Amino acid sequence: MARFELKLPKMGESVAEATITNWLKEVGDKIEADEAVLEIATDKVDSEVPSEVSGVLVEKRFGKDDLVQVGQTIAIIETEGENNEAPSMEVTQAVAAEIEKTIEVAKETVSTPVDFSESDKFFSPLVKNIAKEEGISLGELVSIKGSGKEGRVTKEDILNYVKNRGNQPAAVTVETPAKSIETPKASVSIPSQKVSPVSISGGDEIVEMDRMTKLIAGYMVASVQTSAHVQSFVEVDVTNIVKWREKNKNAFEKREGEKLTYTPIFMEAVAKALKDYPDMNVSVDGEFIIKKKNINLGMAASLPNGNLIVPVIKNADQLNLVGMAKAVNDLGGRAKAGKLKPDDTQGGTYTVTNVGTFGSVFGTPILNQPQVGILALGAIRKMPAVIETPEGDFIGIRQKMFLSHSYDHRVVNGALGGNFVKRVAEYLEAFDVDRDF
C-alpha cells in the first residue's frame, strides 16, 4: 500500500493560506480521484480541495477552523501500489521557494486586524476576529482552554467563552464620593452583566453575519476610509447597441453556444477606454502609484447566497466580442454555482458593476482596493430625446442609460475621471450596427 500526501494547493499569486471550513470525508472513507475531500476558505472565496488519487482517507492532519499554509500536508490517503517516489531535491526546493515567496507577499499585503504577536500561542484569523469583535483581551484569549489540535483555541471554544463570560463575577473598585463620610476605598465583587440586544417589538430576529458578509463589510469600510471617493455621471444613448443585440443574439447563441448579453459589449468599451487613459489602470500602494501593464477587468457577479464577488477577466483588451462573452458567461456562471477558484478573483486592475440589473438608474459604487476606479452601469430605459438631423431637430424615442464613475481623488483628478467615462460613452454611442460578432 502507498501513502499519498494531500497538500493545500497553490490557489493564486497572492493566496498563501486558507482556513478549513468543513471536512467532506472522514477517516476510513473511500475517495475517488478528483473527488472533493474538504472545503476551505480564503479571504476572497470558498473552495473545495479534491484528491489527486483514489484510495482511503487514513489521517487528517488538521481540524475544522484550522489555518493551513499553501504546500502543507492536509491529509494522508492510502492507495494501491508502491510507495510514491519522493520528489527530487530541485523540485522540492522550487516548491519551497515559491511557497516562501507567496507567504512573504501575503505578509506584506495583508494586515491583521488584531495584534496577538506578544503571545507565543497560535490563534487562527477566525478566532482573532471574534476576539476583536467581543473585546476579548490577549490575557483572556491566552487563558481559554483550547480543544483543538495541540490545544489550539477553536471557534467553538471562544464562542463558549463569550457565552459564559457574563456569568463570571468581576472585581470592581468603587470609590466613595468626595462629599460623603470619609471612609477608605472599598473593593467589592459585583457580577458583570453582558448587555444583550433587546427586541423592542418582540418580533425582531437577530442574525449573526456569515463569514462572507463580515469580509465584505470590512472591505467596504476600509475602502471608504482609505480613498477619497468622487463620482462623475454621463448619460449615453445605446439605441444602436440594443437594436444590434436584438438582431444578432439568436444567431450568436446558435453559432457560439453562448448567450449574448450587454455586459461583454460594455466591457469591450471599458477595455478600449483604459488603453486610451492608462492612468486609470493603476493602483495605489501608500505614497506610490503602480501603473499596470495588463488590463484585467473585474466584473461584479452574484454568489449563491446573494452576496457579490468580483471575478477578473484577464487581459480583457486582447479579447474580441466572442472571447469577452465567453469569459463573462463562464465567470458569472461559476460565481452563481459557487465554483469560483481563488485565482479567479486575483489581479484585477479596474472594476465594472451592473447596478441596472436591480433596476437602478445609476449608483455610486465603492472602490475595489487598491484600484482607483469602478464603473456602474445603470438600467437601459426608453426615453424621449432631441434628435439632431440636417433637416432640423425633432423628438424621438431612444434607449438611454447612465454611466456612474467612482474614482480615487487622491490620484485621479476630475479631468481624468470625467474624460475616461466620457470616452466609454463615446465608444458605446459609436457602436457599429453593421459589425459582425
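Structural remarks
- Residue in the stretch 227-239 that is surrounded by fewer than 17 Cβ atoms within 10 Å (Cβ to Cβ) and assigned to a helix (DSSP H, G or I) present: no
- When Ala222, Ala271, Ala251 are checked against the criterion of being of a type in the set (Gly, Ala, Ser) and surrounded by 15 or more Cβ atoms within 10 Å (Cβ to Cβ), Ala271 stands alone in meeting it.
- Criterion violated by Ala325 - all others in (1) among the small types (Gly, Ala, Ser); (2) surrounded by fewer than 21 Cβ atoms within 10 Å (Cβ to Cβ); (3) in contact (Cβ under 8 Å) with a residue 24 or more places away in the chain satisfied: (2)
- Some residue of the stretch 147-155 being exposed (fewer than 14 other Cβ atoms within 10 Å of the Cβ), modelled with pLDDT of 60 or more, not small (Gly, Ala, Ser) and not assigned by TED's automatic domain parsing to the domain that holds Asp285: yes
- Identity of the residue in the stretch 13-25, at pLDDT 90 or above and part of a loop (DSSP other than H, G, I, E, B), that ends up nearest to Leu308 (Cα to Cα): Leu24
- Restricted to the stretch 338-397, and to residues there that are part of a loop (DSSP other than H, G, I, E, B) and polar (S, T, N, Q), the residue that is nearest to Val421 (Cα to Cα) is Thr364.
- Output for the stretch 386-413, where each listed residue is surrounded by fewer than 16 Cβ atoms within 10 Å (Cβ to Cβ) and over 28 Å from the mean Cα position of the chain (by Cα): Val386, Ile387, Glu388, Thr389, Pro390, Glu391, Gly392, Asp393, Phe394, Ile395, Gly396, Ile397
- Near pairs, Cβ below 9 angstrom, 6+ apart or cross-chain, from the stretch 273-286 (in the same structural domain as Tyr407 (by TED's automatic domain parsing) and over 22 Å from Phe431 (Cβ atoms)) to any residue that is in a strand (DSSP E or B) and among the β-branched types (Val, Ile, Thr): Asp279/Ile289; Val282/Ile289; Val282/Ile290; Ser283/Ile289; Ser283/Ile290; Val284/Ile290
- Residues of the stretch 26-57 that turn out to be surrounded by 15 or more Cβ atoms within 10 Å (Cβ to Cβ), at pLDDT 90 or above and not in a loop (DSSP other than H, G, I, E, B), as a count: 6
The values are calculated or read from the model by the stated rules, or taken from the named source; none is laboratory data. Quantities reported herein were computed from a predicted structural model and do not represent experimental measurements. Here the Cβ is made from the backbone with ideal geometry for all residues, glycine too, and neighbour counts use every protein chain on show.
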